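> After the structure tokens below, expect a handful of questions from me.
Every read-out reported here was derived from the displayed coordinates using simple, explicitly stated rules and does not represent laboratory data. As the structure is a computational prediction, the values presented were derived from the model and not from experiment. In this analysis, Cβ positions are derived from the backbone assuming ideal geometry, glycine residues included, and neighbour counts consider all displayed protein chains.
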Amino acid sequence: MFRLKRCLILSVVIIITLSLAGCNFKPSVSEQTDFPININGVEIAAQPLRIAVLSPSLAEIVEDLGYGAVLCGRTDECDRGLVAELPSAGSSIAPNAGIVARWIPDLVITSSEPAEEFSAALHNSGIPLLIIPPVENYSELGGLYRTVGQVLAGKIAGETAGNALMNELGRRLDIHRMQTASQSEKPVILYAADAFGHVATGDTIAHMIIESAGGVNAAANDTQWAMTTENLESAQIILCPAHLVEQIKTKFADAPAVISGKVYGVDYRDFERQGMCISDAAEYVMSILYPPESPADTEPTEEYSQST
């Protein structure tokens, strides 16, 4: 009888203890819900399963993060990777809202404010529109990757994915730097984004591409893509979008790099978009600065054209 009473008392104590523990229980970080989440003023209630992307840079970041399968449509400028096989709603400047609505996306993402008519049409269709602007310099890339990651996977998992992507990009760029570390003289490079005097200054991602490739940026001490006469005079090599090579050679005919035949066309997409293609750009620039017979043994790819 005593043993029975003791068992009953022990059972009651265990039940009370578990009840109290349940009242004070708080989920661990890994058990906290990733959704809903608010990104740039847009509430995302659950993980999006269908996303329409209107920005080529964002499209490539989504794929780099491993979530390309959730993309259901694009614009014409999203022209690389698996996303290029998806249906298009026209140009990023003026996408067709009716076509986008027919894809029945959970979310539409873009990098800039679309036309008011487009935004209104999506709103009337009950489709949320999220604007994720590009960043200005390399130090801000991690934040961009985390933001896109959180859109795709939620607060915690998305932040982890974004950090992992940034770490991988940094690792690849470090490898490029190590490949050219033994070079005693590094070429001075100027990246001309157009023929109107906009060049990659020290506050741009293109600056990081040049330095990671083992070059010295002629405009490293300048800001906001502003070119100076000194930039042109000091540059031993000029890089520019492949379709602008002849224009650059004509526009800056007196520049030492032009006179010596050191104007090279590159794939502008790798210099303007903000995914892992940044590493690809650095690798190709390195192949120009240090041909295969030098320690930086990297072959140029067919995507780029060269003018000498």
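> What does the highest-first list of 267-275, 279-287, 119-127 look like by mean Cβ count within 10 Å?
Taking the mean over residues of other Cβ atoms within 10 Å, the ranking is 279-287, 267-275, 119-127.
> Name the long-range amide H neighbours of C72: under 5 Å, sequence gap of 5 or more, or other chain; modelled H, no Pro or chain starts.
I51, A52, V53
> Give a quick list of chymotrypsin sites (Phe, Trp or Tyr not before Pro) in the range 166-261 that DSSP marks as loop, anything other than H, G, I, E or B, with at most 15 other Cβ atoms within 10 Å.
Passing both the DSSP loop test and the Cβ count: F196.
> Beta carbons within 10 angstrom, averaged per residue: use that to sort the peptides 205-217, 42-54, highest first.
For the peptides 205-217, 42-54, the packing ranking is 205-217, 42-54.
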